[in-house]
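The values are calculated or read from the model by the stated rules, or taken from the named source; none is laboratory data. These numbers come from a predicted model, not from an experiment. Every residue, glycine among them, receives a Cβ derived from its backbone with ideal geometry; neighbour counts consider all protein chains shown.
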Amino acid sequence: MLLTSTKIEVADAIECIEHFYRESMTDGLPVVPPTEARVKQFIEYVGLSPDSVIANITERAAIITVEKLAINAVMAGCLPQYMPVLVAAVEALADPLFKFNHLASLGSPWPMLVVSGPMVRDLSMNHGRYTFGSGNRANATIGRAISLLLWNCCALRPDAIQRGDLGNAHRYSMCIAENPDTAWQGLNEWEGFDRNTSTVTVSSGYNLCNSRTIGSTPRAILAPLINSLSHHEFSPGCFVVTIPPTMEKPLVEQGWTKEKIRDYIFENCRRSVKHLKETARWGRHASILIEGLKDIVPFDPGDEDRWIYLFKRNPELDKYVFHEGALSRRADILIVAAGGDAGNMMGFYQPYSQSTTPVTKAIRNPQ
């Protein structure tokens, strides 16, 4: 097997790590030395040639080969068995629907990976307590491999194209898994695959948020989540929502499928025009800007009874609140059965506010 990447000679592992620091080839954390023998193991596992092209990131004029992915996977601390997930994730990142260049935004968005299907069990991925980390090797290193790949091969670094005002702690690693034994349809099925096909969904967002409930009826369980979704960024798109076993059980027992939950959220996520004006959302970040706007727009009588829905369209009013990019993309709730088995906390990943749409790809097992 012929590898074409530049080879360097160092005295030991510590010097290798320091070399990567000096050359700005790491995200700030130490890396595993990508020896030629180790990289070849990763390539051999997926049964592809080193120069096989996984993705052409046209926005960055970057070609991602199996060899480049394997190098960064080794650096991240992955096992060879993780390579099929990484290949599918890179394919998703290069999909036109993902609109790769949004990752350079001032808002500091970052992709989250969600693995669903039998592969979760095969790789011993965590879908229970500490769903979002830390502690599980597969979750942590798969997410970090993507981080390093984008850092080293697509110029997604603060000294290159990234211009985030605040940055994003998830930039180091953001990968979760869904319970493969969920009573609901899996996210893989929701996205059009069968239950036995493992998938990875790549969804770009800002921050992980949470919603706590003490209810036991479906409406009581979902009310705090709907309140959180309605009063956060308030931009239509695809929200990844995690629901733990403690809440999945009563919802399933009372006949609430993922589709029913999604539809209920769609019907109830809303804010009044009065509230949108009071919170400086009206006419400021909109498809139609109010000329000369420098202050909060005063509300009019009746504004408290005029509603803007987050997921349902409001033809006459949407243009005063939402970007055109947000209105043109997919709006959905991607429910992931994951979380601790003792608490009452749901999580949701706030989607990037303008352009990108999540992409799901099948994970192909090596032949």
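Assorted remarks:
- Qualifying positions in segment 1-21 - surrounded by 10 or more Cβ atoms within 10 Å (Cβ to Cβ), of a type outside the set (Asp, Glu) and over 27 Å from LEU48 (Cβ atoms): VAL10, ALA13, ILE14, ILE17, HIS19, TYR21
- Of the residues making up segment 206-234, those that are polar (S, T, N, Q) and crowded, with 23+ Cβ neighbours inside 10 Å number 0.
- Some residue of segment 241-251 being farther than 21 Å from PHE132 by Cα and either at pLDDT below 90 or within 23 Å of the chain's Cα centre (by Cα) (or both): no
- Restricting SER287, SER230, SER272 to residues that are modelled with pLDDT of 90 or more, polar (S, T, N, Q) and more than 21 Å from the chain's Cα centre (by Cα) narrows the list to SER272.
- Of all residues in segment 173-200, those that are among the aromatic types (Phe, Trp, Tyr) have Cβ atoms under 6 Å from Cβ atoms of residues that are surrounded by 21 or more Cβ atoms within 10 Å (Cβ to Cβ) and not in a loop (DSSP other than H, G, I, E, B), 6 or more apart or on another chain, in TRP184/LYS258; TRP184/ALA337; PHE193/THR199.
- In segment 108-156, the residues that are modelled with pLDDT of 95 or more, under 17 Å from the mean Cα position of the chain (by Cα), of a type in the set (S, T, N, Q) and part of a loop (DSSP other than H, G, I, E, B): ASN126
- Residues in segment 150-176 that are under 17 Å from VAL90 (Cα atoms) and small (Gly, Ala, Ser) were compared, and the one that is surrounded by the fewest Cβ atoms within 10 Å (Cβ to Cβ) is ALA155.
- Segment 309-329 residues that are over 17 Å from ILE265 (Cβ atoms), paired with ones that are among the aromatic types (Phe, Trp, Tyr) (beta carbon under 6 Å, 6 or more apart): TYR320/TRP282
- Of the residues making up segment 36-53, those that are assigned to a loop (DSSP other than H, G, I, E, B) and either aromatic (Phe, Trp, Tyr) or surrounded by fewer than 16 Cβ atoms within 10 Å (Cβ to Cβ) (or both) are GLY47, SER49, ASP51, SER52.
- Residue check, PRO96 surrounded by fewer than 16 Cβ atoms within 10 Å (Cβ to Cβ), within 17 Å of the chain's Cα centre (by Cα) and without any contact (Cβ under 8 Å) to a residue 24 or more places away in the chain: yes
- Of the criteria (1) surrounded by fewer than 22 Cβ atoms within 10 Å (Cβ to Cβ); (2) under 13 Å from SER204 (Cα atoms), which one PRO111 fails: (1)
- The set of residues from segment 54-82 being of a type outside the set (Asp, Glu), part of a helix (DSSP H, G or I) and at pLDDT below 95 comprises THR58, ARG60.
- Among residues of segment 334-367, those that are assigned to a loop (DSSP other than H, G, I, E, B) and surrounded by 18 or more Cβ atoms within 10 Å (Cβ to Cβ), counted: 10
- ASN168 at pLDDT below 95 and under 17 Å from the mean Cα position of the chain (by Cα): yes
- From the list ASP318, ASP300, ASP305, the one residue that fits, being surrounded by fewer than 18 Cβ atoms within 10 Å (Cβ to Cβ) and closer than 30 Å to ILE221 by Cβ, is ASP305.
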